[in-house]
Amino acid sequence: MSASAKEKQTSKELEQLKIGDSKGRRAALLADRIAAGAAGLAAFAEGLSEVEWHAPVPESGKDGRSVGVIVHHVASVYPIEIDLARTIASGKAVTEVTWEVVAQLNAKHAQDQADVTKAAALELLRRNSREAAAAVRAFTDEELDRAAPFSLSFGAPVTAQFVIEDHALRHSWHHLARIRKALGR
């Protein structure tokens, strides 16, 4: 590509970023960070032994869910996390999702997925994180900036970008750190 063609392409990309409702660099960077977190979790989990896969991860000083259940959990909630961000991006409040509801869903998930295989969890993690990243890439800057009351933030009006960062993006990193600590790695 010639220097003038590169300049034109760069100029076009910069112009897109200036347009408030364009799909742009911010959404792409968020999507890339979701993908990176999921890839890191998947790469770590891939190398675990069966004993490590079934090891409990402490929660509040007690034995908690197994490593495998947590990996499956991260994978299974991507669609929910993206739907919450879409709701906020549309300007609608999220009021029915509380931390108590999350705890109930997590407990039910742990029971239902107690025997999840590594292959099944990793396949779901890869598929759902890929779909979550693609969905985030479709957000416009205007949507990322829109705020509405969010019950998981105690009704505070937060932006869709915050919801993406605090949930779909952070989730894999958060649980990978907890798993590493539990396994001493």
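The values are calculated or read from the model by the stated rules, or taken from the named source; none is laboratory data. Given the structure is predicted, the values throughout are model-derived calculations rather than measurements. Counting neighbours? That spans all protein chains shown, and the Cβs are built from the backbone with ideal geometry, glycine included.
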Counted residues, region 90-139 - those being at positive phi and without any contact (Cβ under 8 Å) to a residue 12 or more places away in the chain = 0
What are the residues in region 119-156 that are of a type in the set (K, R) and either assigned to a helix (DSSP H, G or I) or under 12 Å from the mean Cα position of the chain (by Cα) (or both), if any?
-> R126, R127, R130, R137
Identify the residue in region 63-100 that is over 12 Å from the mean Cα position of the chain (by Cα) and of a type in the set (D, E, K, R) and, among all such residues, is nearest to A31 (Cα to Cα).
-> R86
The lone condition V116 fails out of (1) modelled with pLDDT of 95 or more; (2) in a loop (DSSP other than H, G, I, E, B); (3) more than 22 Å from S66 (Cβ to Cβ) is (3)
Candidate set: region 60-107, residues that are in a loop (DSSP other than H, G, I, E, B) and among the β-branched types (V, I, T); chosen: the one surrounded by the most Cβ atoms within 10 Å (Cβ to Cβ) | V97
So is A85 in contact (Cβ under 8 Å) with a residue 24 or more places away in the chain, farther than 27 Å from S151 by Cα and touching a helix residue (DSSP H, G or I) at 6+ places or on another chain (Cβ under 7 Å) or not?
-> no
